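Enquirer: Would you mind keeping the following structure in view while I ask a few things?
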Amino acid sequence: MVDIFTKKERSEIMRAVRSGKNKSTELLLISLFKDNGIKGWRRNYKLFGKPDFIFLRKRLAVFVDGCFWHGHECRNTKPTSNADYWETKINKNKNRDLNVTEVLSKKGWTVLRIWECELRGEKIIKHLQVIGEN
């Protein structure tokens with residue numbers, strides 16, 4: 001698939017993507033927490049790996065991973081231009097995710113990773129139940 005944007009336009013678009021306050025992930029999950037009466041969460045807590053949310057009393061770290069950036073297979077879109085760069089980038093992200101999960105688990109934290117695509121649908125209900133029970 002050929003990119004419809006020029007290299008410069010694509011660069012500007014990708015540069016605008018931010019890791020915090022992402023409406024499709026973190027802000028949607030906040031709204032789901034509120035709708036389901038889930039309390040006790042905190043954001044921007046200084047913990048290894050920078051979880052999106054933590055539940056300190058439960059020692060639960062919640063990450064909301066963007067499907068593209070963390071290599072989820074729900075989308076069959078792989079960049080064709082600069083493919084080596086993107087494959088390396090996404091693999092580094094996946095390896096970092098594994099390392100963060102391992103380190104936090106060894107420190108007694110439960111790590112819950114939620115894919116961006118799971119925020120809409122049945123799977124999120126199961127995740128919310130885990131958070132509510134934990």
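Enquirer: Using the crude model of +1 on Lys and Arg Cβ and -1 on Asp and Glu Cβ, and no other charge, please compute the dipole size for the range 20-133 relative to its Cα centre, in debye to 20. It would help to have the intermediate numbers written out before the result.
Expert: On the way: 23 positive and 13 negative charges, 115 e Å.
My answer is approximately 560 debye.
Enquirer: May I pose another question? Which cross-chain or sequence-distant (5 or more) residues have an amide H under 5 Å from the amide H of Ile114, H modelled 1.01 Å from N in plane?
Expert: Here the answer is Phe63, Val64, Asp65, since their amide H atoms fall under 5 Å of that of Ile114.
Enquirer: Could you work out the helix-only [θ] at 222 nm for the chain, with each DSSP H run of four or more residues adding -39,500 (n - 2.57) and the total divided by the number of residues, to the nearest 500 deg cm²/dmol?
Expert: Helices in the chain give a 222 nm mean residue ellipticity of -13500 deg cm²/dmol.
Enquirer: Once label points are set 7 Å from the Cα along Cα→Cβ at both Lys123 and Lys92, what is their separation, rounded to one decimal in nm?
Expert: My value for the distance between the label points is 2.6 nm.
Enquirer: Per residue of the range 35-50, in order, report the coupling 6.51 cos²θ - 1.76 cosθ + 1.60 (Karplus, θ = phi - 60°) as ³J(HN,Hα) in whole Hz, putting x for Gly and Pro.
Expert: 5, 9, x, 8, 10, x, 8, 9, 10, 6, 7, 6, 9, 3, x, 6
Enquirer: What is the sum of charges, Lys and Arg at +1 and Asp and Glu at -1, for the other residues whose Cβ falls under 14 Å from the Cβ of Leu98? Intermediate values should be presented prior to the final figure.
Expert: On the way: positive: Lys92, Lys94, Arg96, Lys106, Arg113; negative: Asp65, Asp97, Glu102.
Cβ neighbours under 14 Å give a net charge of +2.
Enquirer: How do the peptides 123-133, 64-74 rank, highest first, by the average count of neighbouring beta carbon atoms within 10 Å per residue?
Expert: Going from most to least packed, we get 64-74, 123-133.
Enquirer: Over all directions, how big on average is the projection of the convex hull of the alpha-carbon atoms in the chain, in square nanometres? Intermediate values should be presented prior to the final figure.
Expert: Numbers: hull surface 35.5 nm².
Spelled out: convex hull of the Cα atoms, projected over all directions, averaged, 8.9 nm².
Enquirer: Right, here's the next one. With label points built 7 Å along Cα→Cβ from the Cα atoms of Arg42 and Arg10, find their separation and express it in nm.
Expert: 4.2
Enquirer: Under the 0.36 nm per residue contour assumption, what length would be gained going from the current alpha-carbon distance of Glu73 and Lys58 to full extension?
Expert: Full extension from Glu73 to Lys58 adds 2.4 nm.
A short reminder: the numbers here are calculations on the coordinates, not readings from a lab. Source: prediction; values computed, not measured. Cβ sites come from the backbone with ideal geometry, for glycine too, and all protein chains shown count toward neighbours.
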